[in-house]
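Comments concern the structure below.
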Amino acid sequence: REFSNLDVVSRSVSLGSFVPSNQEDKLAIIDDINFLLGPDLAKSSASSPPTPLDISAIKTLHASLKEFVETGNESEREAALALQSAITSMLTRIQESSDPQALLKDLDQILVGVLPDTLAALRQALTASEIELESLPKDLQLRWVANDGRARVDIFPRYDIMNEKISREFVAAVQSIDATATGLPVIHQQAGDAVLQAFVQAFTSAIIVVSVLLFIVMRNVRDVILILAPLVVAGLVTGAVTVLFGIPFNFANIIALPLLLGMGVDNGIHMVHRARVAPPSTGNLLETSTARGVVFSALTTIFSFGSLAFSRHVGTASMGELLTIGMVLTVIATLIILPAMIHIEEKR
């Protein structure tokens, strides 16, 4: 009852939900129906099985429909015409068939094949009696009450929990009553939080480790900033491009961001190292063999990751798309922003 009273909950089901309410009134109605229909249903169960469908009966119905269409009610004529057309098609198929009895048998099964079972179910329903928890089937009781007496309660959301905000509100409301409540919404939410936390940890660790290694290699804070600046710009532009192309971050492709940082930093290292150790005479880094090497090395990586985008697995494909976009933008940022920053620094 506490769960059902929540605004975000449509209903909650437990073993007691299978016991009907207002049984006296409902049983009285069933008795009335049984009084009216019971004798006829009993006769139908005792009567002989129906005779197989005969083609003469179909032709008789077809002729009657033709007469009705010509003289019948205007409002019902359209339905009669549709039925007449269907019977005409059926008669044509029967005449052209090498085994007309098989067609008649199939038609008979389609029209009244389930009727005996339906009548039997109706006869059984009219013998209903009062239901209590103890009279419920044992297998049903075992599914809803454990051997130690703990009861299972299924809680259904009122709104579409495919929306993350609504899902979090639903889980929070349910767990405010019972903190141990679990199920797919709880598992999905906690799994998402775990992946997000792991991503933040991995990305932070990658930035710290890369920065420390860059300082050890370059021995200059300014060079470390020069190398990391294009990567920051490329990361921001990658996020914007994913929005433009409708590629949302998910459990699979979010791992690509730390990979982009680790793979993209070497381009900046090569460019800054060339500018410091063997600067070009023209002052243009893009005219050096280092720049060409960065481009061709990046193309190899881009095409390798691009092949993942054609995977049938949605998660793998989205990771390939994000890695491809990120690597392209990383190379562009390295070849445009980094030389410009080095040029400005040298002028100062």
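What share of all Cα pairs of the stretch 129-170, in percent, falls into each consecutive 10 Å distance bin?
22, 30, 23, 21, 3
Dimensions of the stretch 68-126 along principal axes (Cα, Å, largest first)?
43, 38, 12
Connecting C-alpha atoms closer than 10 Å in a GNM of the chain, tell me which of 11, 93, 292 has the biggest fluctuation.
Between 11, 93, 292, it is 93 that shows the largest mean-square fluctuation.
Among the lysines, which fall within straight-line cross-link reach of residue 26, defined as a Cα-Cα distance under 28 Å, with same-chain neighbours fewer than 8 residues apart omitted?
Within reach: 43, 138.
Rg(Cα) of the stretch 231-339 divided by 2.2 N^0.38 Å?
So the stretch 231-339 has a normalised radius of gyration of 1.14.
If exposed means no more than 14 neighbouring beta carbons inside 10 Å and the site is in a DSSP loop, what's the longest run of the chain without any exposed GluC sites (Glu not before Pro)?
Between the exposed loop sites, the longest stretch runs 133-348.
What base-10 log of the normalised intensity I(q)/I(0) is obtained for the stretch 260-320 from the Debye formula, alpha carbons as equal point scatterers, at q = 0.28 Å⁻¹?
-1.10
Quantify how much of the Cα-Cα distance distribution of the stretch 71-164 extends past 20 Å, in percent.
When all Cα pairs of the stretch 71-164 are counted, 72 percent exceed 20 Å.
Per-residue accessible area for residue 31 at 1.4 Å probe radius, Å² rounded to 10?
90 Å²
Relative contact order, percent, of the chain when contacts are C-alpha pairs under 8 Å separated by at least 6 residues?
18 percent.
Quick one: Debye curve from the alpha-carbon atoms of the stretch 16-152 only, equal weights, vacuum; give me log10 I(q)/I(0) at q = 0.16 Å⁻¹ to two decimals.
-0.97
Taking the alpha-carbon centroid of each part, what is the distance from the stretch 78-146 to the stretch 320-348 in angstrom?
70 Å
What percentages make up the Cα-Cα pair-distance distribution of the stretch 182-297 when the bins are 10 Å wide from 0?
Using 10 Å bins, I get a P(r) of 12, 33, 30, 16, 6, 2, 0 for the stretch 182-297.
To the nearest 20 Debye, how big is the dipole of the stretch 112-171 about its Cα centre, given +1 on the beta carbon of each Lys and Arg and -1 on that of each Asp and Glu?
Taking the Cα centre of the stretch 112-171 as origin, the dipole is about 140 debye.
Could you work out how much longer the chain between residue 40 and residue 164 gets when fully extended? Use 0.36 nm per residue separation minus the Cα distance between them, nm to one decimal.
39.1 nm
Treating the Cα atoms of the chain as identical point scatterers in vacuum, please give the log10 of the normalised Debye intensity I(q)/I(0) at q = 0.08, 0.14 Å⁻¹, two decimals.
-0.77, -1.14
Given a 1.4 angstrom probe, what's the average accessible area per residue across the stretch 200-339, in square angstrom?
On a per-residue basis, the stretch 200-339 sits at 54 Å².
Can you pull the accessible area of residue 273 for me, 1.4 Å probe, Å² to the nearest 10?
100 Å²
Does the stretch 137-241 come out rounded, prolate or oblate, given a ≥ b ≥ c as the square roots of the eigenvalues of its C-alpha gyration tensor, rounded meaning a/c under 1.5 and, failing that, prolate meaning a/b above b/c?
Taking the square roots of the gyration eigenvalues as a ≥ b ≥ c, the stretch 137-241 is prolate.
If I model a spin label as a point 7 Å beyond the Cα along the Cα-Cβ vector, how far apart are those points for residue 179 and residue 97 in nm?
6.9 nm
The values are calculated or read from the model by the stated rules, or taken from the named source; none is laboratory data. Keep in mind that what you see is a predicted model, and the values were worked out from it rather than measured. We place every Cβ from the backbone using ideal geometry, glycine too, and count neighbours over all the protein chains shown. Each accessible area value is taken on the protein alone, full model and side chains, heavy atoms only, with ligands, DNA and RNA left out. Shrake-Rupley method; radii C 1.70, N 1.55, O 1.52, S 1.80 Å.
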